[in-house]
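The values are calculated or read from the model by the stated rules, or taken from the named source; none is laboratory data. Everything numeric here is computed off the predicted structure, so don't read it as measured data. Neighbour counts are summed over all protein chains in view; Cβ atoms, including those assigned to glycine, are modelled from backbone coordinates with ideal geometry.
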Amino acid sequence: MPLAGGKPRPLPLPSLIKLGSIVTPRHVDIFMAAFLRRRRHRLVGALASQALANSVYPTARTHLLTASALLALSRPRDAAQRLVLAGPASAARHLWDALLRRACAEHSDARHALELLSAGVQEHGAVFSRSTFCVLLSMLCTCGDMETALKVFDVMVASGHQVDDRVCSMIISGFSKVEKAEAGLEFYRRVRREFNGFEPGLITLTAVVNVLGREGRTSEVAELVMEMERKGLEDSFSIVRKLEQTGVVVDEYVYAILVDNLCKKGYLDRAFSLLEEMDNKGIKAGIVTYNAIINGLCKVGYTEKAVEISEGIAADNFTYSTLLHGYIKGEDATGVMAIKGRLESSGIVFDVVTCNVLIKALFMIKKVDDACSLFLRMPEMRLRPDIVTYHTVIDMMCKLGEIDRALQWFDDYKKDISFSSTIVHNCLIRALCNGGKVNMADQIFFDLMQRNLRPDSCTYKKLIHTHFKEGSEQGVLNFILKADELEFDLFSYVCNYASTFLSTRDCYQGALEVYKLLRMKSFTVTSKTYYRLFKCLLRNGHEHIIQPLLSEFLKIHGLHEPRMINMLFCYLSKNSVGEAIGFSNCMDTGTIPVSVLRGAIYALKKEGKMLEACKFLKEAERSGFSVDLAMYSIVVDGLCKGGYLEKALDLCESMKREGIHPNIIIHNSVLNGLCQQGCLTEAFRLFDYLESSKVLPTLITYSILIAALCREGFLDDAYELFQKMSNKGIKPTTRVYNLLISGYCNYGLTDKALELMSHFEEIFLLPDAFTLGAIINGHCLKGDIESALSFFNEYCHKEMVPDFVGFMSLVKGLYAKGRVEESRSILREMFQCKEVAEFINSVGDEIQAESLVGLLFSACEQGRVDEVVTILNEVGIRSVSSSDSNSCNTLTQLKELETTEVCGQRMDSGQFLCSATCDVSSSCLHGISEGTVQPMTDGAGNLCTSSDDTDIYYGNLLQKSFYHDFDTYYPAIASLCSKGELLKANNVIEAMIQNSS
């Protein structure tokens with residue numbers, strides 16, 4: 001049985017010995033701890049001696065357990081002697097602390113703890129931690145043994161520990177409990193006198209105030225109340241009330257402190273009550289008290305009320321600064337101007353705080369020149385700008401885009417070496433990064449380092465992000481190399497974050513370089529850095545690099561983190577299902593969550609290893625893993641798409657035997673697989689079963705069947721199914737309409753497609769690029785180029801363009817008719833469409849052609865339309881099937897385009913992308929988007945022409961070969977046959993055979 005923590009329960013010691021297993025010190029420690037918990041103290045020592053006799057050498061924990069047993073037997077000095085065997089006292093400090101804490105916790109008699117403390121400090125040189133001394137002092141004060149507590153306090157101080165409020169309040173409270181308040185007060189004075197920097201807390205001050213109140217020393221009480229208001233409101237009030245009960249008169253100074261504290265906490269009603277109480281007692285409120293009230297009102301947004309109060313008093317700099325700040329918070333420009341007028345007419349001499357607030361207020365109301373003027377006049381007013389002043393003006397200049405002015409004032413700021421804050425540097429670095437001036441930001445960053453100031457994490461993260469934006473991963477690496485002079489720990493933080501950041505951006509080479517730098521300099525590589533790097537390498541298919549890195553990780557961090565275990569499981573599952581399952585069994589099956597198993601199966605599916613994924617699923621099920629419906633869904637879908645329909649059906653049957661019923665997602669996958677293999681009868685039988693069962697068909701279910709019917713030419717049946725879906729309340733989307741529209745157009749029924757498209761406005765749908773491309777392709781298949789061009793222009797005015805297929809159908813149709821300039825015009829518009837341009841460039845990336853759109857545009861401008869059309873036709877075919885044997889023949893012309901002289905004059909493709917204003921929402925190629933079953937080539941209907949252009953068309957058809965496949969020639973042959981021009985049709989067939997040979 002595993003333990004609660006997930007680790008297997010160790011075998012009993014006798015069982016280990018009988019099995020011939022090696023007994024380790026860990027086994028001994030486990031059984032000693034068990035004996036100690038059961039208070040079998042003598043057995044603990046006996047087991048330790050027996051283990052040592054059998055060459056099982058004790059660990060530090062062994063010594064601690066033995067010493068604890070001796071302590072429980074009332075032998076504290078023997079316990080201390082035993083603990084000495086663990087090593088030097090300085091190295092075994094945590095053991096001494098643990099033993100003394102045990103003495104305090106388990107023994108009500110303090111003598112054992114004191115004897116252990118004495119033996120440890122005086123005889124063995126042990127150094128106990130401050131927290132351990134606090135535990136011992138707490139026990140002594142609770143027992144009322146204050147004399148011994150003072151001795152322990154002296155030992156603690158002699159050991160070099162600082163005295164804090166916890167210790168002081170503990171001892172004073174102890175004196176109060178034994179009714180020796182004066183001794184407690186004397187101790188308080190001693191601490192304040194002998195320990196510089198000591199800051200008493202609320203409990204300490206409360207005890208002292210009680211003593212002072214009894215003696216009638218009200219002046220000292222007022223000072224302490226002022227300290228108390230920073231540490232606790234309610235206690236300070238209770239102390240004041242107790243003082244009043246003893247006859248002590250509380251003056252305006254004490255009331256001001258309480259009012260200020262109430263206002264800071266937001267208790268304005270109580271503050272006004274105190275103000276009224278002061279008036280009733282004849283205590284006149286001064287400017288300090290009123291400023292506290294005004295400040296509290298402004299903080300909660302009652303600035304107008306604060307202004308009313310300020311009009312009845314002699315306001316000072318603090319008053320006006322507070323009012324200005326209140327109006328800044330509320331963004332009230334009118335209020336700012338009113339207070340500014342009152343301030344200037346009051347004749348008050350400004351201080352730096354007032355200037356800072358007024359400068360910020362002027363910036364807020366867009367009085368930039370006035371704010372800058374006030375900043376520049378500060379030296380004339382005998383005021384020296386402080387760090388808040390510089391931060392305000394530099395930050396506002398950056399936000400206004402006046403970086404040069406901000407840099408000028410930053411130079412003035414740097415001249416004063418007394419400034420020791422990073423706030424100004426940080427705001428300027430962020431502004432420079434946002435403005436793309438990363439080199440200047442670097443200079444500011446390194447100036448910060450030269451001042452020995454530590455930037456916050458946001459600053460160097462911002463620099464890394466900006467370097468990546470400006471120079472990709474190389475920019476980040478350059479910054480890391482320049483940051484080599486940073487202090488040890490900061491450089492380690494920067495490098496770890498940089499490696500993590502690059503890993504999340506899939507820049508594995510840069511992340512590896514930073515990792516190598518960390519290892520070369522012997523810096524710590526965090527677990528998070530390793531994890532992100534491993535994930536990046538897995539995503540990018542570089543599993544071979546992981547193994548050496550994994551060895552380094554295990555040496556440094558071990559294998560304890562669940563996320564690392566899960567990642568390693570995914571890594572092993574991609575290479576060997578058996579290894580992954582074996583690894584999980586060794587790590588304990590409970591540590592591998594379902595989400596990780598699901599991720600491993602999905603990764604196998606993504607790589608096309610569906611048989612391995614299916615095997616993995618079955619192995620996981622046999623090994624006792626929790627297999628959920630989502631895992632079955634992933635595998636069934638992959639098997640169906642990969643052509644393993646029988647295995648998918650077998651897996652569905654296996655699911656049912658396991659009591660897992662397939663959901664609609666799995667049924668849709670099977671339906672799609674049946675339709676792909678042409679098993680329409682079986683597909684509709686499954687569909688009928690779904691309608692009669694509790695698993696209701698969805699929009700995707702209908703889409704799969706409609707697409708299959710359209711592909712096979714059963715358009716009436718497809719439309720009937722479409723109507724049935726609508727009647728069941730399932731609202732069709734543009735994609736579903738596109739299936740029918742594409743089907744109608746492929747079979748020459750363009751009018752029906754247009755009629756179907758006319759319903760879009762009624763149901764608040766918009767045609768997408770696929771819709772327009774299908775209609776244009778349908779017109780071109782019929783040879784009606786004019787209708788296609790008219791339709792294209794109509795939607796161009798609506799700022800809508802077709803997809804790649806629509807563009808190509810129109811281009812080739814116009815070119816086949818000899819209308820070269822018009823086809824060039826359409827090509828230019830095609831290259832300006834962002835989605836189409838990205839689609840073309842993505843194919844260019846496969847053959848490593850730099851800016852394929854740029855090359856094609858250059859060739860188009862030179863009049864080489866035939867080459868451009870040929871290459872674009874190849875692009876379309878390649879996107880449908882990259883395994884075609886001819887797919888590389890025409891694309892080799894791209895290399896020739898790159899080496900020709902005219903290509904040296906080509907225009908940067910960025911001209912097209914940046915001017916693109918179109919928004920294409922569908923896939924760029926028919927058949928690529930989900931739900932479109934029939935993969936259409938670009939269509940050669942553009943070769944069909946009306947009778948008046950027959951001669952031009954026929955010559956082009958026999959001389960040019962856009963692509964050597966049957967799909968391209970078939971529409972032209974069918975058009976000629978329909979017109980009775982059989983001789984020309986035969987000539988086209990002969991040309992097709994010659995071109996394909």
Q) Is there a residue in the stretch 40-54 that is of a type in the set (Ser, Thr, Tyr), on the phi < 0 side of the Ramachandran plot and over 52 Å from the mean Cα position of the chain (by Cα)? A) yes
Q) Could you count how many residues in the stretch 448-461 are acidic (Asp, Glu) and either more than 22 Å from residue 526 (Cβ to Cβ) or surrounded by 21 or more Cβ atoms within 10 Å (Cβ to Cβ) (or both)? A) 0
Q: Report whether or not residue 432 is of a type outside the set (Gly, Ala, Ser) and crowded, with 21+ Cβ neighbours inside 10 Å.
A: yes
Q: Name the helices (runs of 4 or more DSSP H) wholly inside the stretch 264-318 in which the number of residues that are over 23 Å from residue 334 (Cβ atoms) is 3 or more.
A: 268-280, 287-299
Q: Could you list all residues from the stretch 509-536 that are assigned to a helix (DSSP H, G or I) and under 18 Å from the mean Cα position of the chain (by Cα)?
A: 511, 527, 528, 529, 530, 531, 532, 533, 534, 535, 536
**Q.** Whichever residue in the stretch 120-176 is of a type in the set (Gly, Ala, Ser) and not in a helix (DSSP H, G or I) and, among such residues, is nearest to residue 83 (Cα to Cα)
**A.** 126
Q: Being crowded, with 18+ Cβ neighbours inside 10 Å and at pLDDT below 75 is the filter here, so list the residues in the stretch 261-274 that pass it.
A: 261, 262
Q | Tally, over the stretch 834-853, of residues that are over 16 Å from residue 876 (Cα atoms) and modelled with pLDDT of 85 or more | A | 1
Q.
Which count do you get for residues in the stretch 677-728 that are touching a residue at least 40 places away in the same chain (Cβ under 8 Å) and among the polar types (S, T, N, Q)?
A. 1
Q. On the given criteria, is residue 318 farther than 17 Å from residue 290 by Cβ and either surrounded by 15 or more Cβ atoms within 10 Å (Cβ to Cβ) or in contact (Cβ under 8 Å) with a residue 24 or more places away in the chain (or both)?
A. no
Q.
Scan the stretch 462-473 and tell me whether some residue there is within 17 Å of the chain's Cα centre (by Cα), of a type in the set (A, V, I, L, M) and surrounded by 15 or more Cβ atoms within 10 Å (Cβ to Cβ).
A. yes
Q.
For the stretch 43-93, which positions are part of a helix (DSSP H, G or I), in contact (Cβ under 8 Å) with a residue 12 or more places away in the chain and of a type in the set (Ser, Thr, Tyr)?
A. 62, 66, 68
Q: Pick out the one residue from 277, 331 that is surrounded by fewer than 17 Cβ atoms within 10 Å (Cβ to Cβ), among the charged types (D, E, K, R), on the phi < 0 side of the Ramachandran plot and out of contact with any Gly (no Cβ under 9 Å at 6 or more places or on another chain).
A: 277
**Q.** Wholly enclosed helices (runs of 4 or more DSSP H) of the stretch 716-822 bearing at least 3 residues more than 21 Å from residue 705 (Cβ to Cβ)
**A.** 750-757, 769-781, 785-796, 804-816
(Q) Just the residues that are out of contact with any Phe, Trp or Tyr (no Cβ under 6 Å at 6 or more places or on another chain) and at negative phi, please, taken from the stretch 753-766. (A) 754, 755, 756, 757, 758, 759, 760, 761, 762, 763, 765, 766
